[in-house]
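Q: Dropping the structure in here first, questions after.
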Amino acid sequence: MTAATTTLSRPHSATFTGQASRRVRRLPLHLAIWVIMAIWLIPTIGLFVNSFRPIADMSSSGWWTALFPPSRLTIESYQTIMETEGVANSILNSLLIAIPATVIQVVIATIAGYAFAWMNFRGRDVFFLTIVGLMVVPIQATLVPVLKMFNAIGIAGTFLAVWLAHTGYGLPFQTYMLRNYIGGLPKAIFESAEIDGASHPMRFWQIAVPMSVPVIAANVIFVFLGVWNDLLVALTYMGSSPNRPMTVIVTQLVTSFGGGWQFLTAAAVVQMALPLAVFLFLQRYFVRGISAGAVKG
Amino acid sequence: MDDRIITALGAVIGVPLLLGGYLWVTEQLLARLPRRVQPTVRPYVWVFPAVAFAFVFMVLPAINTVILSFLDRRGTTFVGLDNYVFFFTNPDTIASLKNNILWLVFFTGFSVIGGLLCAILFDRIRYETLAKTAVFLPLPISAVASSIIWKFMYQYDPPGAVQTGTLNAAIGTLGFDPVAWLIDSTTNNFALIFVGIWTATGFAMTIISASLKSIAAELLEAARVDGASELRVLWTIVVPLLLPTLTVVGTTLTIQALRVFDIPYVLTSGAYGTDVIASQMFTRLQNGQYDRASTVAVVLLVVIIPLMLINIRRFRQQEEIR
Amino acid sequence: MIDSTAKGRWHVIALCLAALLIVSACSQTPAGGTPSASGGATTGGTITLWTAWGGNELKTFRDVLKPFTDKTKIDVRITTVRDVAQLAINVEAGTTLPDIAGPPTPDKIKDWAAKSVMKPLESFLDMTAYTRDTYSALTTCASSDCIGIGVAGGKHYQLFVKTQVKGLFWYNAKVFKGDPPKTWDDLLKVPVSGNQKRFCVGLESGDASGWPATDMIENIVMRQSGADVYQKWIDGKQKWTSPEIKQAFQSFGQTVSADNVFGGPTTVLSTNFGRAGKPLFANPPGCLFLEQATFITNFFLEDYKDLKSVSDFNFFPHPSFNSANAGNIEGFADSFVMYNDTPQARELMKYLATADAQKIFVAAGGTLAANKTVTNFPDPIFKNANDMVAAAKNVLVDASDAMPADMNKAFWRATLEFTKDQSKIDSILQGLDQVQASSYK
């Protein structure tokens, strides 16, 4: 990994004339980047700052006023949330829903993605794209038929139902992503492996999967995120089950009129901590060089 | 409590093992078949799990939806194209479709370009992870929290009063009167679309970045050493290599633009000329009008077809290149 | 080298975030779960209950339930569900429904009653006591079907637990000291000083934006044109372009015109309904009156903790248009429906109908009870409101809530468009007629 990482992130220019000149050249780049970061961060910083303000302040003045004295910062929103009945339990439930759903989806999608990319069969592309195209159908159209089926099997209201549902809804996109990436891997590697006698499963596990780590990492992030923040699927397929994820509990924080929305700011910050951690943790897989050098020969 | 954790652990460990075993077992079974037949059968075995899920969760409901769109509200009598006639003659629908076109162009366009830009620019700096995190941050924010954030960004207070909205406070310091971003017809659609772009750019950036990293560094080095300027390298090498990924991102965001619902629904309730087609479906469903709701879904499916054709072409091209 | 330590730093941060979250999740003992039947229990068992209440509303509800759960040892499992479609989805799919939940959308009431999805109150409740003690507007039905109060096929399905009065005109008692205007014309002639405007209005409310305006228009229709027109309107038999409805819109338009409303129409559309009353108590006051229901008092207190009722804020009843219809007022009530007939659910429903239970709702403030015998109002304002209800000739339901869902939504939307540009009234009303034509089938 170290060898790969040192080659990236600083493109050398053959027309260098020195450190200072290079700094100046790169100034527009850095400027552009910081402007982008600022625009993107300001709304989120607003949320973050607001979550530490007293309730009454939030609706009477902008969040930036809390950055200057007198800034009455407080953790009362956070306290209220953590004291709310069932919150801690719901975080655990969210984890127990998100992790298996992610694992199941990504594994199935990777296998299918490889098959769609490197195996030939009749009507493959049309078949594949029909499934992708169906993503446009709003999820509400599927709730009743699927729930009926779950009910018939007897799993409605269990974790399994939610895992299967998330998998079903997420697979088209996952497979789409993986098929695209795996299909772009160099043919030469697979061919030489085939000549060497490697079977499809071997080529899959030993070549395709390791080379697809960046896209698998990206997918893990998105799936985890989507499941973690989901409300509708959990509500529909878990019903009155006591194993409710955090998103369901959070709706309890506000009145039916929307009163108490201030607590949502703190709830949002708590809720985003874990997906953010997943994102940061998986950054190491976004490295160049895994397939570099593979094209030679 | 232990029960749940055990089930979850079971799933996390069991499923990959199960699938790995599935592949192994089927491979053994396939070995018994004549060599010639194997390559024709194997694909079906491999795609079976994914297809089975897609069938149950997407295909069957979709077929059900298409059927419902030709029936009446009770779901009993065949009414032919009545629902479609209603759909296309309803002024609300036409107005919503126009808005979806705005979303298609601006939301998809700017998010893809933005994601590409971020992926490329951030690749070149040492604090890449920091920058990527900043742009990625909107994604883990739940839809509910996001609506609160943007309500506050766009908040309008009467001229002369203290501005609690970030944007209006900012332009206030420059001496301008506050603007009702969400209510004024000239700004509101774009204000909503920007909220979408704010989130989708991080999404696009993450995916494009993964593909960007897979472009062999040597390829780019070689071109630079040959004297090509950065822009040329980008345009002639990087972008073409990223084209498949850009297609995937573009397609996904196009589908999102057609399905978009949350953002207008919560920020403007779809009023003041910001309504989108998905909220039409939602309202119909709430009213128990499954027939009309299904019509919307079917129209969306039809609209998607050209996009899928583009994808098929892309796939064919990809296979020719490699 | 530098890069890998930078990445290492992010790992540490990531792991810390994750660890923090997981530790906090596991450190607290999970709440919920069946309480052991310790010591002389009576019934025991569980009830699953869905409600749209959250935050303080939910806290109050738990207070209401406490005497019940203490006595019967029944575990009431509450889930907050705001998505009105959820119940319907479960009914369609045939999955288990919660034992008790709110009512469905109006279009489903007859259907679900006929299919026994909802269980009639008659099967377990003492109807004589219930109809005697509850406000008659909530229980009396002239025909066999009154969708607005959950009566279908002659049976009652909705148990009402707390009520609100709508269309009250709130004012700052220290600012407005004159006589409350009796007629609409008087209202529009109340003098204002300086930059003050007569009215404050706030219509923003997320995806339900516009509902306060529908209340205002409803209160006008019932007083301008009477209860019959009002009922026909609910039933979809009164056209929106008819003169009665059109003039109601126009009268409403007078309260949100640039001359009469604080901040002009744009502010009306941008202000959340709960914050709309703030200018009443600002210094200098931005407006004189806010038309809202009884629950608005809690919102006043959120922003200005030290306000006292009567001395700081008070209300007067909605001005009349003519003497014929002056006795009509609008009420709104929260209710529960039983979906699974279990002994525990019956117990709870019976308990919720009692004055003892509803007293706790009332004590928390911001509401009236459905049970007439409850009079422990925390302050005189609610007593006045209660007296108003008792003295009213007709208490009418919220019209928009009783209309089909897409008519309701179109109505909300129409008020927003109308406020933004009143000159478009004809095309807006024609649009509503079109929705009416297709949504009542």
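The values are calculated or read from the model by the stated rules, or taken from the named source; none is laboratory data. Please read all numbers here as calculations on a predicted model, not as lab measurements. Every residue, glycine among them, receives a Cβ derived from its backbone with ideal geometry; neighbour counts consider all protein chains shown.
Q: Search segment A:110-130 for residues being among the aromatic types (F, W, Y) and in contact (Cβ under 8 Å) with a residue 24 or more places away in the chain, and hand back the single one that is nearest to A:I182 (Cα to Cα). I'd like the intermediate steps shown before the answer.
A: Taking segment A:110-130 and keeping what is among the aromatic types (F, W, Y), we get A:114, A:116, A:118, A:121, A:127-128.
Next, from what is left, pick out any that are in contact (Cβ under 8 Å) with a residue 24 or more places away in the chain: A:114, A:116, A:118, A:128.
Details: A:Y114: 6, A:F116: 9, A:W118: 8, A:F128: 15 Å.
Checking each candidate, the answer is A:Y114.
Q: Quick check, is C:D126 under 19 Å from C:S400 (Cα atoms) and surrounded by fewer than 20 Cβ atoms within 10 Å (Cβ to Cβ)? Give the steps one after another, and end with the answer.
A: On the way: under 19 Å from C:S400 (Cα atoms): no; surrounded by fewer than 20 Cβ atoms within 10 Å (Cβ to Cβ): yes.
For C:D126, the condition - under 19 Å from C:S400 (Cα atoms) and surrounded by fewer than 20 Cβ atoms within 10 Å (Cβ to Cβ) - is not met.
Q: Helices (runs of 4 or more DSSP H) wholly in segment A:219-297 with at least 2 residues that are facing chain B (nearest Cβ under 10 Å) and at pLDDT below 90 - which ones?
A: On the way: elements: A:232-238, A:246-251, A:262-282.
Ranges flagged: A:246-251, A:262-282.
Q: Quick check on segment C:267-291: of everything there that is touching a Lys or Arg at 6+ places or on another chain (Cβ under 8 Å) and within 14 Å of chain B (Cβ to nearest Cβ), which residue is surrounded by the fewest Cβ atoms within 10 Å (Cβ to Cβ)? Spell out the reasoning first.
A: Here is the first cut: in segment C:267-291, the residues touching a Lys or Arg at 6+ places or on another chain (Cβ under 8 Å) are C:269, C:286-289.
With within 14 Å of chain B (Cβ to nearest Cβ) added as a condition, the list becomes C:269, C:286-287.
Values: C:L269: 28, C:G286: 20, C:C287: 26.
Looking at residues that are touching a Lys or Arg at 6+ places or on another chain (Cβ under 8 Å) and within 14 Å of chain B (Cβ to nearest Cβ), I get C:G286.
Q: Would you point out which residue out of B:T236, B:T295, B:T247 is at pLDDT 90 or above, surrounded by fewer than 24 Cβ atoms within 10 Å (Cβ to Cβ) and part of a helix (DSSP H, G or I)?
A: On the way: B:T236 fails: at pLDDT 90 or above; B:T295 fails: surrounded by fewer than 24 Cβ atoms within 10 Å (Cβ to Cβ).
Answer to the check: B:T247.
Q: Output the number of the condition that B:G273 fails; it satisfies all remaining conditions of (1) surrounded by 21 or more Cβ atoms within 10 Å (Cβ to Cβ); (2) within 14 Å of chain C (Cβ to nearest Cβ).
A: (1)
Here's the yes/no breakdown for (1) buried (at least 22 other Cβ atoms within 10 Å of the Cβ); (2) within 11 Å of chain B (Cβ to nearest Cβ); (3) charged (D, E, K, R):
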{"site": "C:A364", "(1), (2), (3)": "no, no, no"}
{"site": "C:T367", "(1), (2), (3)": "yes, no, no"}
{"site": "C:A370", "(1), (2), (3)": "yes, no, no"}
{"site": "C:P380", "(1), (2), (3)": "no, no, no"}
{"site": "C:M388", "(1), (2), (3)": "no, no, no"}
{"site": "C:D401", "(1), (2), (3)": "no, no, yes"}
{"site": "C:M407", "(1), (2), (3)": "yes, yes, no"}
{"site": "C:F418", "(1), (2), (3)": "yes, yes, no"}
{"site": "C:Q436", "(1), (2), (3)": "yes, no, no"}
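Q: To continue, here is another question. Please tell me if A:V107 is assigned to a helix (DSSP H, G or I), without any contact (Cβ under 8 Å) to a residue 60 or more places away in the chain and buried (at least 22 other Cβ atoms within 10 Å of the Cβ). Steps first, answer last, please.
A: Working: assigned to a helix (DSSP H, G or I): yes; without any contact (Cβ under 8 Å) to a residue 60 or more places away in the chain: yes; buried (at least 22 other Cβ atoms within 10 Å of the Cβ): no.
Spelling it out, it is not the case that A:V107 is assigned to a helix (DSSP H, G or I), without any contact (Cβ under 8 Å) to a residue 60 or more places away in the chain and buried (at least 22 other Cβ atoms within 10 Å of the Cβ).
Q: Quick one: which helices (runs of 4 or more DSSP H) sit completely within segment C:169-281 and have at least 1 residues that are polar (S, T, N, Q)? Working first, answer last.
A: Numbers: elements: C:184-189, C:211-224, C:227-234, C:243-255, C:264-270.
Hits in segment C:169-281: C:211-224, C:227-234, C:243-255, C:264-270.
Q: Just checking, does segment B:291-305 include any residue being touching a Ser or Thr at 6+ places or on another chain (Cβ under 7 Å) and among the hydrophobic types (A, V, I, L, M, F, W, C)?
A: Start the filter on segment B:291-305 by keeping residues that are touching a Ser or Thr at 6+ places or on another chain (Cβ under 7 Å), which leaves B:291, B:294-295, B:297-298.
Still in the running and among the hydrophobic types (A, V, I, L, M, F, W, C): B:297-298.
Yes, some residue in segment B:291-305 is touching a Ser or Thr at 6+ places or on another chain (Cβ under 7 Å) and among the hydrophobic types (A, V, I, L, M, F, W, C).
Q: In addition: Evaluate the following for A:A266: is it more than 29 Å from A:L147 (Cβ to Cβ) and buried (at least 24 other Cβ atoms within 10 Å of the Cβ)? Even if it seems obvious, please write down each step before you answer.
A: Numbers: more than 29 Å from A:L147 (Cβ to Cβ): yes; buried (at least 24 other Cβ atoms within 10 Å of the Cβ): yes.
Answer is yes for this residue.
Q: Answer yes or no as to whether B:L307 is farther than 29 Å from C:A414 by Cβ, crowded, with 17+ Cβ neighbours inside 10 Å and of a type in the set (A, V, I, L, M).
A: yes
Q: Turning to a different aspect of this structure: Scanning for something within 28 Å of C:F61 (Cα to Cα) and over 17 Å from the mean Cα position of the chain (by Cα), does segment C:138-145 turn up at least one residue?
A: Kept after step one, since they are within 28 Å of C:F61 (Cα to Cα), are these residues of segment C:138-145: C:138-140.
This time we only want the ones that are over 17 Å from the mean Cα position of the chain (by Cα), so: C:139-140.
Checked segment C:138-145: at least one residue is within 28 Å of C:F61 (Cα to Cα) and over 17 Å from the mean Cα position of the chain (by Cα).
Q: Test of understanding: among A:F128, A:F150, A:F116, which residue is under 30 Å from B:V260 (Cβ atoms), outside any loop (DSSP other than H, G, I, E, B), among the aromatic types (F, W, Y) and modelled with pLDDT under 90? I'd like the intermediate steps shown before the answer.
A: Values: A:F150 fails: modelled with pLDDT under 90; A:F116 fails: modelled with pLDDT under 90.
Only one candidate passes the filter, namely A:F128.
Q: Identify, by number, the condition in (1) at pLDDT 85 or above; (2) at the interface with another protein chain (Cβ under 9 Å from one of its Cβ atoms) that A:T74 doesn't meet.
A: Exception for A:T74: condition (2).
Q: Pairs only if they're at least six apart or on different chains, beta carbon under 6 angstrom, first in segment C:341-352 and without any contact (Cβ under 8 Å) to a residue 12 or more places away in the chain and aromatic (F, W, Y), second buried (at least 18 other Cβ atoms within 10 Å of the Cβ) and outside any helix (DSSP H, G or I); list them, first residue then second.
A: none
Q: Quick check: anything in segment C:98-120 facing another protein chain (nearest Cβ under 10 Å), among the small types (G, A, S), in contact (Cβ under 8 Å) with a residue 12 or more places away in the chain and part of a helix (DSSP H, G or I)?
A: The answer is no; no qualifying residue exists.
Q: Look at A:I182 and say whether it is of a type in the set (A, V, I, L, M) and free of Cβ contacts under 8 Å to residues at least 12 places away in the same chain.
A: Details: of a type in the set (A, V, I, L, M): yes; free of Cβ contacts under 8 Å to residues at least 12 places away in the same chain: no.
When the stated conditions are applied, A:I182 does not pass them.
Q: With the requirement that a residue be closer than 18 Å to A:Q262 by Cα and surrounded by 22 or more Cβ atoms within 10 Å (Cβ to Cβ), what does segment B:154-193 give you? Steps first, answer last, please.
A: Initially, segment B:154-193 is screened for residues closer than 18 Å to A:Q262 by Cα, giving B:154-155, B:164-166.
Of everything in segment B:154-193, those that are closer than 18 Å to A:Q262 by Cα and surrounded by 22 or more Cβ atoms within 10 Å (Cβ to Cβ) turn out to be B:Y154, B:Q155, B:G165.
Q: Now for a separate question. Touching a helix residue (DSSP H, G or I) at 6+ places or on another chain (Cβ under 9 Å) and either closer than 30 Å to C:D111 by Cα or assigned by TED's automatic domain parsing to the domain that holds B:W198 (or both): which single residue out of B:V85, B:V79 fits that description?
A: Working: B:V85 fails: touching a helix residue (DSSP H, G or I) at 6+ places or on another chain (Cβ under 9 Å).
After applying the criteria, what remains is B:V79.
Q: Give just the number: which of (1) touching a Leu at 6+ places or on another chain (Cβ under 6 Å); (2) buried (at least 22 other Cβ atoms within 10 Å of the Cβ) does A:Y237 not satisfy?
A: Condition not satisfied by A:Y237: (1).
Q: Which condition does B:T129 not pass, out of (1) at pLDDT 90 or above; (2) touching a Phe, Trp or Tyr at 6+ places or on another chain (Cβ under 7 Å); (3) facing another protein chain (nearest Cβ under 7 Å), if it passes all the others?
A: Against the list (1) at pLDDT 90 or above; (2) touching a Phe, Trp or Tyr at 6+ places or on another chain (Cβ under 7 Å); (3) facing another protein chain (nearest Cβ under 7 Å), B:T129 comes up short only on (1).
Q: Would you confirm whether or not segment A:195-209 contains a residue that is touching a Ser or Thr at 6+ places or on another chain (Cβ under 7 Å) and either at pLDDT 90 or above or among the hydroxyl-bearing types (S, T, Y) (or both)? I'd like the intermediate steps shown before the answer.
A: Within segment A:195-209, the subset touching a Ser or Thr at 6+ places or on another chain (Cβ under 7 Å) is A:209.
From what is left, the residues that are either at pLDDT 90 or above or among the hydroxyl-bearing types (S, T, Y) (or both) are A:209.
Yes, segment A:195-209 has at least one match.
Q: Could you please tell me which pairs satisfy a Cβ distance under 7 Å, a separation of 6+ or placement on different chains, a first residue in segment C:69-84 that is away from every other protein chain (no Cβ under 14 Å), and a second residue that is among the polar types (S, T, N, Q) and surrounded by 19 or more Cβ atoms within 10 Å (Cβ to Cβ)?
A: Every condition considered, the pairs that remain are C:I74/C:Q344.
Q: Same structure again: For segment C:225-248, state whether one or more residues are touching a residue at least 40 places away in the same chain (Cβ under 8 Å), under 27 Å from B:Q155 (Cα atoms) and among the aliphatic types (A, V, I, L, M).
A: no
Q: Another question, then. Mind telling me which of the residues C:V192, C:V151 ends up being in contact (Cβ under 8 Å) with a residue 24 or more places away in the chain and aliphatic (A, V, I, L, M)? Working first, answer last.
A: Values: C:V151 fails: in contact (Cβ under 8 Å) with a residue 24 or more places away in the chain.
Checking each option against the conditions leaves just C:V192.
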